[in-house]
Amino acid sequence: MQEELTDKMHSEFTIDSETEISHKVHAACSVVKDGVFELNEALEVYDITKAQYDKYSPKWLKLIS
């Protein structure tokens, strides 16, 4: 028997756009800190702008330091 997600169930897995950007910035901070990418490369890979990075990175950099 195949089950499908209802609209209500599916909505529980979505996040707002600002939270998604914040999570992308977290990922970018992590890979830059670990030396995987330079900042410009991480911005491109995670499809975020420098302004978005600057907005959320202080929070994430503090947490991953």
Flagged in the range 15-26 as of a type in the set (A, V, I, L, M) and under 11 Å from Ile48 (Cα atoms), in numbering order, are Ile21, Val25
Note: among Ile21, Ile15, Ile64, Ile48, just one is touching a His at 6+ places or on another chain (Cβ under 9 Å) and open to solvent by less than 60 Å² (accessible area, probe 1.4 Å), namely Ile64
Taking the range 40-53 and keeping only residues that are touching a helix residue (DSSP H, G or I) at 6+ places or on another chain (Cβ under 9 Å) and closer than 22 Å to Ser17 by Cβ, one is left with Ala42, Leu43, Val45, Tyr46, Asp47, Ile48, Thr49, Lys50, Gln52, Tyr53
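The values are calculated or read from the model by the stated rules, or taken from the named source; none is laboratory data. Keep in mind that this is a model prediction, so the values were computed, not measured. Glycine also receives a Cβ, built like all others from the backbone with ideal geometry; neighbour counts cover every protein chain displayed. All accessible areas refer to the heavy atoms of the entire protein, side chains included, with ligands and DNA or RNA removed. Shrake-Rupley method; radii C 1.70, N 1.55, O 1.52, S 1.80 Å.
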